[in-house]
Amino acid sequence: MKLKGKKQESSEGSEGAKGKMTLPLALVTLISAFGSSFQYGYNVSVINSPAPYMQDFYNKTHLDRTGVPMDGGIQTLLWSLTVSMFPLGGLFGSLMVGPMVNNCGRKGTLLINNLFSIAAAILMGTSELAKTFEVIIVSRVVMGIFAGLASNVVPMFLGEMAPKNLRGAIGVVPQLFITIGILSAQILGLNSILGNAKGWPVLLGLTGIPSLLQLLTLPFFPESPRYLLLQKGNEEQARKALQRLRGREDVDDEIQEMYQENQSEKEEGQLSVLSLFTFRGLRWQLISIIVMMGGQQLSGVNAVFYYADRIFESAGVASSSIQYVTVSIGAINVVMTLLAVFIVESLGRRILLLAGFLLCSASCAILTLALNLQTTVPWMSYLSIVCVIAYIIGHAIGPSPIPAVMITEMFLQSSRSAAFMVGGSVHWLSNFTVGLVFLYMEAGLGPYSFLIFCAICVATMLYIFFVVPETKNKTFMEINRIMAKRNKVEIQESKELTDSCPPGKQEEKKVLSS
């Protein structure tokens, strides 16, 4: 049954924008998340369990070369370099995002990025045979660069491909694969599997396999349609890519929306990071991603994981069983992130972020109390276990997966790559800072260090409550209009834009109002 006039047009448009999960879209999501995000998670936790065996290898290599055992201070320094070079590489990787995605495309960047991972995997896997520990430290930097690119490019690539009603769910998938990567490294790192004197080079080298698979399969899938149309100006390829991803011939409504976005950005061109900081029309979006990305890492998630072993030990868990407890925490992390995939479209982004940070702040506060009282009150050690689990649940449903989704949604094509560079740099710098400072904080403040994390969670939560809008089921242009009001920038659209007119006639003016 057909309605007459414009009403029919607009209802068809909104219906058309409601995309369904097609096989090509599902496959490209899984391949990019497994080939890239999975390895970020894997390399975050892969060196935790084989640490003593790797340190022995450093010592033995030094002894073979010089005839004297390695000095304790030097060994500590080399090990802390092995750990901290990964987030530092991540920072370098984030800074490469803009130039690479704009020149090589989103898909192209992921394919080139695989070469970093494969090279590092070969070097780490053969380090023991080659009797050199230096290549492990260099490979950690290279893996960091890989992870820095992957953690930004995958959400951007998938966010640009997904229809608006699935963008949140698809945007959480990379984080789901990061948690699966962490869990896989924990399971394979068990003493009985590869976390032993013989197995650790294999454990480190396995990271090349997902990259190899991605390198072989991703070329068969389309590039981001938004990149093809808005940055390459190739409507034909963009249309073909969209038709394949949506599983239908009629994709005019989405092409139309892209042209609309293109018109609104004509004056801006591709924004650099510097112009992003000075452009008034994006002020609140920029502050929001800095607060969310900073809050995500500075909320102490790595510190809680780090502390977890000792908390379980003090609760009387035998030290031989602790690695199994760590695996079970990794499994909780995966299950809760999987839950986020299914509820982010129904509950929305804001609710998950607010609930997540609320749960994290409450857990940190109660954990401080429990850790202080556990010597006098026996059951307090069990309460601290509950707090660790509650914290991990809270972080997995909101603070971990949602900020990257929000970067994709709050920025239009011209500023998105620069925004990911800023968000990614904040993410890795905060990660590096927590790793560096936490040991000193813990030495000086003990359990009270969790109160600092609690305060950061509360501050981030308040900011989100007052500033960050709900972006669920909205087009990029609709979100842009919401943020324009907050930035006190007017987006005036001409009448033709709302009708279906040829792209050539579309006009959109931005008027700065003071």
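The values are calculated or read from the model by the stated rules, or taken from the named source; none is laboratory data. All of these numbers come straight from a predicted model, not from anything done at the bench. Glycine also receives a Cβ, built like all others from the backbone with ideal geometry; neighbour counts cover every protein chain displayed. Note: areas computed on protein heavy atoms with side chains; ligands, DNA, RNA excluded. Shrake-Rupley method; radii C 1.70, N 1.55, O 1.52, S 1.80 Å.
Values as computed for the structure displayed
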| item | result |
| --- | --- |
| Matching entry among TYR306, TYR259 (being under 22 Å from the mean Cα position of the chain (by Cα) and modelled with pLDDT under 95) | TYR306 |
| All positions within the stretch 244-256 that are buried (at least 17 other Cβ atoms within 10 Å of the Cβ) and part of a loop (DSSP other than H, G, I, E, B) | VAL251 |
| The one condition in (1) closer than 30 Å to PRO52 by Cβ; (2) free of Cβ contacts under 8 Å to residues at least 40 places away in the same chain; (3) buried (at least 20 other Cβ atoms within 10 Å of the Cβ) that PHE177 fails to fulfil | (2) |
| Candidates SER184, SER224, SER211, SER192, filtered to the one that is on the phi < 0 side of the Ramachandran plot, small (Gly, Ala, Ser) and open to solvent by 40 Å² or more (accessible area, probe 1.4 Å) | SER192 |
| Verdict on PRO155 being over 24 Å from ILE343 (Cα atoms) and touching a residue at least 40 places away in the same chain (Cβ under 8 Å) | no |
| Evaluation of MET96 against (1) farther than 25 Å from SER224 by Cβ; (2) open to solvent by 40 Å² or more (accessible area, probe 1.4 Å); (3) out of contact with any Phe, Trp or Tyr (no Cβ under 8 Å at 6 or more places or on another chain) (one fails), failing number | (1) |
| So VAL83, is it modelled with pLDDT under 95, on the phi < 0 side of the Ramachandran plot and of a type in the set (A, V, I, L, M) | yes |
| Inter-residue pairs, beta-carbon under 7 Å, first without any contact (Cβ under 8 Å) to a residue 60 or more places away in the chain and in the stretch 307-328, second not in a helix (DSSP H, G or I), 6+ apart | GLU313/SER319; VAL325/VAL317 |
| Of the criteria (1) under 18 Å from the mean Cα position of the chain (by Cα); (2) at pLDDT below 95; (3) basic (Lys, Arg), which one ARG416 fails | (2) |
| Residues being in contact (Cβ under 8 Å) with a residue 60 or more places away in the chain, crowded, with 17+ Cβ neighbours inside 10 Å and among the aliphatic types (A, V, I, L, M) - total across the stretch 119-143 | 5 |
| Residue match in the stretch 373-389 (condition: modelled with pLDDT of 95 or more, in the same structural domain as VAL426 (by the TED database) and closer than 30 Å to MET483 by Cβ) | no |
| Helices (runs of 4 or more DSSP H) completely within the stretch 362-465 that count 1 or more residues being more than 30 Å from ASN102 (Cβ to Cβ) and touching a Cys at 6+ places or on another chain (Cβ under 7 Å) | 380-397 |
| All helices (runs of 4 or more DSSP H) inside the stretch 257-350 with 3 or more residues being touching a helix residue (DSSP H, G or I) at 6+ places or on another chain (Cβ under 6 Å) and open to solvent by less than 60 Å² (accessible area, probe 1.4 Å) | 283-298, 301-314, 322-347 |
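Okay, residues lined up against (1) in contact (Cβ under 8 Å) with a residue 12 or more places away in the chain; (2) surrounded by fewer than 19 Cβ atoms within 10 Å (Cβ to Cβ):
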{"residue": "MET21", "(1), (2)": "yes, yes"}
{"residue": "ALA26", "(1), (2)": "no, yes"}
{"residue": "LEU30", "(1), (2)": "yes, yes"}
{"residue": "ILE47", "(1), (2)": "yes, no"}
{"residue": "PRO50", "(1), (2)": "yes, no"}
{"residue": "MET54", "(1), (2)": "yes, no"}
{"residue": "PRO69", "(1), (2)": "no, yes"}
{"residue": "LEU77", "(1), (2)": "no, yes"}
{"residue": "VAL83", "(1), (2)": "yes, yes"}
